[in-house]
């Protein structure tokens, strides 16, 4: 990277070596973004594009911000220079592929959920009452009110009403209906 900067007359403000992979927190990159927002740097040079962004979506979010701030972005391995018209065109193509990636992922998730439902598996968070089902049935049969059961077991009254209505096969009442009864 230094060999790239020197012939252009650029001085390196900071050289960062980020070795870790994965993870959401990336202090060196965050430091560079703060410097860019403060207009302390003119360009960011990376060895590989994947050293800057962990996904195409990530790149599509950060590269336009850098462009708007007037900070150039150069990836040496891919020979991409987003300070040139060709590089900006490549950034547009990255945005298209990011949108495509998001749509494919969305379709896969929907297909997975539909398949799980076809096989009788529930989707989403398990009901909070599920681990107390036996105790709820026993206390309800003993004549305790739904509110008293909820308080005793430390679960919400709404979850309690929903569970009991499913267990007894009755339709859950809304607050307006409860008040009028």
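Bear in mind that the values in this text are calculations on the coordinates, not laboratory data. What you see is a predicted model, and the numbers here were worked out from it, not measured in a lab. Note that we place each Cβ from the backbone using ideal geometry, even for glycine, and neighbour counts take in every protein chain shown.
Structure values in brief
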| item | result |
| --- | --- |
| Value of [θ]222 nm, deg cm²/dmol, for the chain, DSSP H segments ≥ 4, -39500 (n - 2.57) each, nearest 500 | -17000 deg cm²/dmol |
| Rounded tilt (10° steps) of 56-68 against the dominant C-alpha axis of the chain | 50 |
| Per-selection metrics, segment 2-118 (Cα): Rg and Dmax in Å | 16.9, 63 |
| Stretchable slack from residue 158 to residue 38, in nm (0.36 nm times residue separation minus alpha-carbon distance) | 38.2 nm |
| Rounded to 10°, Cα long-axis angle of helix 85-118 versus longest principal axis of the chain | 20 |
| Of 91, 35, 150, the one that fluctuates the most in a GNM where the chain has Cα springs shorter than 10 Å | 150 |
| Residue exposure sequence - 104, 113 - by fewest surrounding Cβ within 10 Å | 104, 113 |
| Reduced Cα scattering model of segment 84-145, Debye log10 I(q)/I(0), q = 0.28 Å⁻¹ | -1.05 |
| In degrees, nearest ten, helix 27-37 long axis to first principal axis of the chain (Cα) | 70 |
